[in-house]
1. Could you run the Karplus curve 6.51 cos²θ - 1.76 cosθ + 1.60 with θ = phi - 60° over region 139-146 and give me ³J(HN,Hα) per residue in whole Hz, x for Gly and Pro?
2. Let me check I've understood the local charge: for GLY24, count other residues with C-beta under 14 angstrom from its C-beta, Lys and Arg +1, Asp and Glu -1. What total comes out?
3. Go through ILE66, MET34, THR48 and say which Cα lies farthest out towards the positive end of the charge dipole of region 14-68; charges sit on Cβ, +1 for Lys and Arg, -1 for Asp and Glu.
4. Going highest first, how would you order 23-32, 124-133, 95-104, 46-55 by mean Cβ packing within 10 Å?
5. Which whole-Hz ³J(HN,Hα) couplings does region 27-33 yield from phi under the Karplus relation 6.51 cos²θ - 1.76 cosθ + 1.60, θ = phi - 60°, glycine and proline marked x?
6. Please work out how much length the chain gains when fully extended from ALA55 to VAL144, using 0.36 nm per residue of separation minus the C-alpha to C-alpha distance, in nm with one decimal.
7. So how far apart, in nm, are the two label points at THR8 and ASP106 if each is 7 Å from Cα heading toward Cβ?
Amino acid sequence: MTTESLRTTPEQRTYIRKLIEKRGNSITSEQLVMAAEPGDSPIHDLFTWNNRRAAHLYRLRQAARILRSYTGWLPTVVKTSPGGKDDVLVAANKIPLAVKVRTSPDEDPKWVGTANALENEYMKQQVISDRLRRIKQALQQLLVVPELEDLYQQLTTVINRYKVVIAPYGVGTEKGVAPKKGEKTPKKSERKEQDHVRA
């Protein structure tokens, strides 16, 4: 089982809560693993017990962390005159240089150069949706402190104003999109060449 597909049942959550309470309202990761080792443990299936498989999954998580930390400066033009001759190119925003998106509906998600993804409406909307989702998840942490609940409500209200609708695949003429309706659809291998995906 991978962390991406990890879901706990009410029974498992209750078991973990009781484990924590039994240990004086605290528990270490090692203690949780030990409690899960017996085959009849309610949380046994939450872990990968095949060491070779577990090592592979760990390396995949390491790769994802590396790609997420792969950042650079997004060049931004600053308008300094109406005519534009004095415009200045500056590095204003540090952003991830790769994002994980689907390049087409029938492809698994992959890491794509951020600049390429933002040129493609289908991938761009996925990036926006993912960022808003991450922000909402981060805001949940504010609820740990009761005094921050009002701040949570205010920020959530702002975020919820953004409605993301994933553009149909094939809309537009940007790099990486499929032909419009009525045009010849390229083969899967040809689409990969067209996408120019760069991690």
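Please treat every number below as a calculation from the coordinates, not as lab data. Small disclaimer: the values here were computed from a predicted structure and weren't measured. Quick reminder, even Gly has a Cβ in these numbers, built from the backbone with ideal geometry, and neighbours come from all protein chains shown.
1. Karplus values, whole Hz, x for Gly and Pro: 5, 4, 5, 5, 6, 5, 10, x.
2. Its environment carries a net charge of +3.
3. Checked the options; the winner is ILE66.
4. Packing proxy ranking, top to bottom: 95-104, 124-133, 46-55, 23-32.
5. 7, 9, 4, 4, 5, 5, 4
6. 28.7 nm
7. Between THR8 and ASP106, the label points sit 4.0 nm apart.
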